[in-house]
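A.B. asks: Have a look at the structure that comes next, please.
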Amino acid sequence: MTIRVLVAEDQAAVRAALVMILRAEPGFEVVGQAADGEEAVRLALELRPDVVLMDVQMPRLDGVSATREVVAAGAGQVLVLTTFDLDEYVYGAMRAGAAGFLLKDLEADTLVEGIRTVARGDGMLAPSVTRRLIGAFARAERQVGPEAREAVAGLTAREREVLACIGAGLSNSEIAVRLAMAEATTKTHVSRILAKLRLRSRVQAAILAQDLGLTM
């Protein structure tokens, strides 16, 4: 299966490097390139890529707002690119429904695997840096409304365990090992959790788990 990618990055040299890496990788097709947020949204709606590789700091429309529009329209999974210091824009992108994020100083293999992971619907939650970001974000903004609490209370005991594992940054395979169940069963639980909680992405589920202080 070919993974169709839209690259949104305002720095021409960085954008060219990302495109070169992806075009050299079997199973990837770069369907479009955007130099600003407005163009990213327009192309995502037009081309319907599997994954949008989205820089957070772009002219005309920032990556957070662009992510929100792309996710709301169901125009592709969004994988955010950010700087090493985990800038504040990422928090908004996660709330907006981004499937995950990568650091800009990444290796080519990390970029390729990250896009594949997001395209599968798993979300970029495994790296320790992601866990650190989610934890910091949750500590900074613990605002869980009564509707969200009621929805979580409606989960089964097993689903709450899976949600806690998601909040800890575990991948599906890691959750399967931790809870001694098949990976396919784990994926089913994750899908049901997102549906019951009306969440757009696995990352949002992780944030909610952290907000609620769920632990394994």
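The values are calculated or read from the model by the stated rules, or taken from the named source; none is laboratory data. The shown structure was predicted, so the numbers you read here are calculated from the model rather than taken from an experiment. Glycine also receives a Cβ, built like all others from the backbone with ideal geometry; neighbour counts cover every protein chain displayed. The accessibility values were calculated without ligands, DNA or RNA, using every heavy atom of the protein model including side chains. Shrake-Rupley method; radii C 1.70, N 1.55, O 1.52, S 1.80 Å.
A.B. asks: Angle between the Cα long axis of helix 157-167 and the longest principal axis of the chain, 0 to 90 degrees, nearest 10?
C.D. replies: With rounding to tens, the tilt is 40 degrees.
A.B. asks: Is the shape of the stretch 2-59 rounded, prolate or oblate, going by the alpha carbon gyration tensor and its root eigenvalues a ≥ b ≥ c, with a/c under 1.5 for rounded and a/b larger than b/c for prolate?
C.D. replies: Oblate.
A.B. asks: Please compute the per residue accessible area over the chain with all protein chains in place, 1.4 Å probe, rounded to a whole number of Å².
C.D. replies: I get 46 Å² per residue for the chain.
A.B. asks: Place a point 7 Å from the Cα of T215 along the Cα-to-Cβ direction; which residues of the stretch 142-172 have their backbone N under 15 Å from it?
C.D. replies: Those under the cut-off are 164-165, 167-169.
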